[in-house]
1. Using the per-residue mean of other Cβ atoms lying within 10 Å as a proxy for protection, in what order, highest first, do the peptides 95-105, 28-38, 173-183 fall?
2. Quick one: pull the percentage of alpha-carbon pairs in the range 59-107 with a separation above 13 Å.
3. Along its three principal axes, how long is the range 1-87 when you only count alpha carbons? Whole Å, largest extent first please.
4. Give the average over all directions of the projected area of the C-alpha convex hull of the range 215-267, one decimal, in nm².
5. Using alpha carbon centroids, what distance separates the range 232-298 and the range 101-173, in Å?
6. Once the principal axes of the Cα atoms of the range 56-183 are found, what is the range along each, listed largest first in whole angstroms?
7. With a 10 Å radius around each residue's Cβ, average the other Cβ atoms per peptide and rank 123-135, 251-263, 189-201, 300-312, highest first.
8. Compute and list, largest first, the equivalent-ellipsoid semi-axes of the chain from the alpha carbon gyration tensor, each √(5λ) rounded to a whole angstrom.
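Quick note: the coordinates plus some simple rules give every number you see, no bench work behind them. The structure displayed is predicted, hence computed values, not measured ones. Neighbour counts are summed over all protein chains in view; Cβ atoms, including those assigned to glycine, are modelled from backbone coordinates with ideal geometry.
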Amino acid sequence: MSIAVLGAGAFGTALAISLAQNGPVVLWARRPDHAADMVQQGENAARLPGVALPKNVSVSADIAQACGAQTLLLAVPMQQTRAFLTQHATLLQGKTLVSCSKGIDLETLRGPTALIEEIVPSARPAVLTGPSFAADIARGLPTALTLACRDQAQVLQEQLSTPTLRLYRTPDLIGAELGGALKNVIAIGAGVVMGAGLGDSARAALITRGFAEMNRLALMLGAEPETLSGLSGFGDLVLTCTSDLSRNYRRGFALGAAQEIDPSITVEGAATACAVARLAKARCIDMPIAAMIAALTEHHITVAQATQALLSRPLKEE
């Protein structure tokens, strides 16, 4: 097997299904019972119901078997990535590790490629990110993503592209991973605006000013400006701020509407908002929207207080 997807959530499963158009793929599930259920039912009923697993997707709970592949797609949640890399560092040595998570590690304030380079220095890091929903990819709907990689990028691009999954390559790892991480924070804010009934005009303003904040931080951390204007930044921002299929948007909508939140659903933007607020403060970067979203997700302020704080800021040039 040349490709394995490590993580059998909705997105990891969707990637395995799409990549199976090119050849055999191993899909690794952390829990043996989850793997057994997928084998028995022929689908990932728990995470991606209604989409059959192709015959050339081999489901396994054996991490050593999965790591027999040379190209490994890391589809584990961002806040679990550091522990996963540490636990399996020996098996991951010398592999191409393609991070598919979107976020910033809350403890170290670092992205996935920095963690890979520190914990598994012999591995080749890459990032796969952009505007996509798992259901769309799994059902073969046309999807375009960004693949960030410094070495042999064209080879990896060809390996991971499928008839329905089109990849654009870039060497800008930092920009690609920050675009995917930061847009989740703004998507929560867009959901808050709509959940609180503040209107489409307010959402448009928040997306626009939020995009300015994304660029401000990303450029300070070494990203290329054109990367944030591409699929991994602006493209993903548009998708997640305008669709209720986005978990981050739905979390924000629930906050804005004062609805109960399901704690079992992974929402990467909540932890990322807190990490971004800490990063911005440490580097003296003005990110008022991100700060308000972090405070909202931690229930330190109300929506009314956050709205008033943003609207009462001093007037300035755009």
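1. Working: 95-105: 25.4, 28-38: 17.3, 173-183: 29.5.
Top of the packing list down: 173-183, 95-105, 28-38.
2. Working: 691 of 1176 pairs.
In whole percent, the long-distance tail amounts to 59.
3. 33, 25, 19
4. On the way: hull surface 18.6 nm².
Directional mean of the projected Cα hull area for the range 215-267 stands at 4.7 nm².
5. Centre-to-centre distance over Cα atoms comes out at 21 Å.
6. The Cα atoms of the range 56-183 stretch 35, 34, 27 Å along their principal axes.
7. Details: 123-135: 23.2, 251-263: 16.6, 189-201: 19.7, 300-312: 13.9.
Highest to lowest by the protection proxy: 123-135, 189-201, 251-263, 300-312.
8. Details: eigenvalues 217, 90, 61 Å².
Semi-axes (√(5λ), whole Å): 33, 21, 17.
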